[in-house]
Amino acid sequence: MDKKELDSAIKYLSNDSDLRSLIRQYGKLDFGHSETPFKSLIKYIIYQQLSIASAKAIYTRFLKLFNNKPTPINVKNLDLTILKDIGLSRQKIVYICDISDFFINNDIDFDSLTNKEIYSQLIQIKGIGPWTIDMFLMFTLNKMNIMPVGDLGIKKGFKILYDLDDLPSDEFMLEKAKKWDPYQSIASLYLWKIV
């Protein structure tokens, strides 16, 4: 995302009184550096249901196996016991192999697809669900209008922002997020930040 686009998003979101104070408090937030689609999906699989510290350690060891440049073919040609030795569960190894197969068998230009088309492609891969696809759309493809309602951090962010007693429903979040369209992804960064 370029600076001009981010500035436009921040200016637009500052019109919302609920977000304005967060934007003043935290300044400009952006998506940061994005990885290749293949590398990103592997990272999201590794990070699922692990503490950030554990996931980061495993992901770093994974990248070292390939001099930081894993390819689908290199992953498929690797002895699977090596993946187990770096701390990956059997289930995650299966998912990583399925992602590799997907990229070997499909040459996809993600930038030319709609969000729905990307969703229908990726949901076919074992281990990839709605949360992973939302993260992929936001942080890999830098899509500006994603509201990841399945993310616990986002739910907690809504709870804090709107001073709720309980975590909100998906319907509540989607309704509130309408006013952030077309910059729901940027609004999400602020929801994570307050958590």
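The values are calculated or read from the model by the stated rules, or taken from the named source; none is laboratory data. As the structure is a prediction and not an experimental result, all values here were calculated from the model. Glycine gets a Cβ as well: all are built from the backbone with ideal geometry, and neighbour counts include every protein chain shown. Side chains included, ligands, DNA and RNA excluded: accessible areas come from the protein's heavy atoms. Shrake-Rupley method; radii C 1.70, N 1.55, O 1.52, S 1.80 Å.
Here are the numbers:
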| quantity | calculated |
| --- | --- |
| Any hit, the stretch 121-137, residues being modelled with pLDDT of 95 or more and of a type in the set (Lys, Arg) | no |
| Scope the stretch 122-145; condition hydrophobic (A, V, I, L, M, F, W, C), over 10 Å from the mean Cα position of the chain (by Cα) and assigned to a loop (DSSP other than H, G, I, E, B); matching residues | 123, 125, 128, 144 |
| Candidate set from the stretch 125-164 (those that are polar (S, T, N, Q) and either touching a strand residue (DSSP E or B) at 6+ places or on another chain (Cβ under 8 Å) or touching a residue at least 60 places away in the same chain (Cβ under 8 Å) (or both)); member that is most open to solvent (accessible area, probe 1.4 Å) | 142 |
| Failed item in (1) closer than 19 Å to residue 102 by Cα; (2) touching a Ser or Thr at 6+ places or on another chain (Cβ under 9 Å), with residue 87 passing the rest | (1) |
| Residues of the stretch 23-46 that turn out to be free of Cβ contacts under 8 Å to residues at least 60 places away in the same chain and buried (at least 18 other Cβ atoms within 10 Å of the Cβ), as a count | 4 |
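Yes/no per residue for (1) of a type in the set (S, T, N, Q); (2) over 29 Å from residue 4 (Cβ atoms); (3) in contact with an Asp or Glu (Cβ under 7 Å, 6 or more places away or on another chain):
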position	(1), (2), (3)
112	yes, no, no
126	no, yes, yes
137	no, no, no
162	no, yes, no
168	no, yes, no
175	no, yes, no
181	no, no, no
190	no, no, no
